[in-house]
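Engineer: The structure's right below; bear with me while I get my questions together.
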Amino acid sequence: MGVIGGELAYRFLKWFSPGAITVQMNGQAYVGKSKLRVLLGDRLLAQVRDRDVIDFGSGHGIDAADIALAGARSVTGVDIQTKFFPEAEARAREAKVSDRVQFVSQPAAPADLIVSLDSFEHFGDPGAILEVMASVLRPGGRVVASFGPTWYHPLGGHLFSVFPWAHLVFTEAAFIRWRSDFKTDGATRFHEVAGGLNQMTIRRFEHLVTASPFRIVELEAVPIRRLQPLANAMTREFTTAIVRCVLELPPSTTT
């Protein structure tokens with residue numbers, strides 16, 4: 001959490017960045033590419049083939065269609081924001097995979113695999129989400145996830161990253177006051193802003209998984225390209241771009 005707050009911090013933020021920051025993570029890295037393939041890589045993406053898959057947090061349906069195109073037997077896109085479903089269904093039709101893709105707010109049938117992209121740093125209660133994921137997987141089922149930037153990344157504050165590591169310099173209260181100058185949703189904490197921000201670290205994620213029904217099969221802290229020479233087990237919280245991981249339920253786990 002930041003250390004500089006009060007009127008001084010607010011005035012600096014207002015002077016330094018009078019409006020919302022929109023350029024750091026605007027999706028340009030995925031233009032003309034499959035985000036799913038970029039984030040997971042071919043080896044992890046291959047796990048969807050011939051399996052019943054849940055796209056957890058399916059949003060506009062881009063990844064659900066890509067999962068089907070990668071060879072999944074069926075894909076269930078799950079999202080609490082049902083307003084996205086018409087667009088998502090249209091994407092599935094355009095990709096000619098609508099016979100294998102559906103979108104629901106709550107999955108009814110169990111799956112073999114869950115894919116989760118760019119979500120674990122946003123969930124309001126990520127521990128509870130792991131329990132939900134376990135409840136909709138068959139015994140031995142897996143979660144393949146990629147998320148980031150995590151909290152100690154230079155831009156881990158997302159909207160609040162007015163400069164690298166700014167979210168570790170200024171207090172939450174100062175940032176929320178600055179944000180209220182151009183946002184009117186009444187958010188008073190980081191986790192209340194649009195999309196949520198739960199200050200996820202790699203260490204916290206590992207602890208959450210340990211306390212869940214899952215075990216970690218793989219966890220890769222992918223380093224920031226420019227900081228790669230400095231990346232190691234001691235510096236990973238500050239030098240990791242994204243986390244890729246595979247979680248697995250014990251074969252004896254019941255759904």
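Engineer: I want to check the label-to-label distance for F182 and D42. Put each point 7 Å from Cα in the C-beta direction and report it in nm to one decimal.
Structural biologist: Result for the modelled spin labels: 4.1 nm.
Engineer: Given a Förster distance of 51 angstrom, what is the FRET efficiency for K33 paired with T210, based on the Cβ-Cβ distance and rounded to 0.05?
Structural biologist: Once rounded, the FRET efficiency stands at 0.90.
Engineer: With point charges of +1 on the Cβ of Lys and Arg and -1 on the Cβ of Asp and Glu, referenced to the Cα centre of the chain, which listed residue (S17, V144, L249) lies farthest in the positive direction of the dipole?
Structural biologist: S17
Engineer: Counting other C-beta atoms within 10 Å, which of E248, E87, E121 has the fewest, and how do the rest follow?
Structural biologist: Least to most surrounded, the residues fall as E87, E248, E121.
Engineer: Continuing with the same structure: Could you list H167, H191, H207 so that the one with the fewest beta carbons within 10 Å of its beta carbon is first and the one with the most is last?
Structural biologist: H207, H191, H167
Engineer: How large is the charge dipole for the chain, taken about the Cα centre, if only the Cβ atoms of Lys, Arg (+1) and Asp, Glu (-1) carry charge, to the nearest 20 debye?
Structural biologist: Using only the charged Cβ atoms, the result is roughly 500 debye.
Engineer: Classify region 1-127 as rounded, prolate or oblate, taking a ≥ b ≥ c as the square roots of the eigenvalues of its Cα gyration tensor: rounded when a/c is under 1.5, otherwise prolate if a/b is larger than b/c and oblate if not.
Structural biologist: Because a/c hits 1.5 or more and a/b exceeds b/c, region 1-127 counts as prolate.
Engineer: To the nearest 0.05, what FRET efficiency results for K14 and S105 with a Förster distance of 30 Å applied to their C-beta separation?
Structural biologist: 0.15
Engineer: Now for a separate question. State whether region 123-230 is rounded, prolate or oblate according to the following rule on the C-alpha gyration tensor (a ≥ b ≥ c being the square roots of its eigenvalues): a/c under 1.5 gives rounded; otherwise a/b larger than b/c gives prolate, and the remaining case gives oblate.
Structural biologist: Note, shape of region 123-230 comes out oblate.
Engineer: Restricting to DSSP H runs of at least four residues, report the calculated mean residue ellipticity at 222 nm for the chain, -39500 (n - 2.57) per run over all residues, nearest 500 deg cm²/dmol.
Structural biologist: Mean residue ellipticity at 222 nm (helix-derived): -8000 deg cm²/dmol.
Engineer: Hey, if you drop one equal point scatterer on each alpha-carbon of region 6-248 and run the Debye formula without solvent, what base-10 log of I(q)/I(0) do you get at q = 0.08, 0.12 Å⁻¹?
Structural biologist: These q points yield log10 I(q)/I(0) values of -0.33, -0.73.
Engineer: Cut-off is 10 Å between beta-carbons; in what order do T240, T235, T82, T184 appear when sorted fewest neighbours first?
Structural biologist: Ranking T240, T235, T82, T184 by Cβ neighbours within 10 Å, fewest first, gives T184, T82, T235, T240.
Engineer: Give me the distance in nm between label points sitting 7 Å out from Cα along the Cα-to-Cβ direction at A90 and A173, one decimal.
Structural biologist: According to this spin-label approximation, the distance is 4.6 nm.
Engineer: Which of the three applies to region 97-138, rounded, prolate or oblate, going by the alpha-carbon gyration tensor with a ≥ b ≥ c and a/c under 1.5 meaning rounded?
Structural biologist: prolate
Every number here is computed from the coordinates shown, using simple stated rules; none is lab data. Since we're looking at a predicted model, the values are computed, not measured. Positions of Cβ are generated from backbone atoms using ideal geometry, with glycine treated the same way; all protein chains shown enter the neighbour counts.
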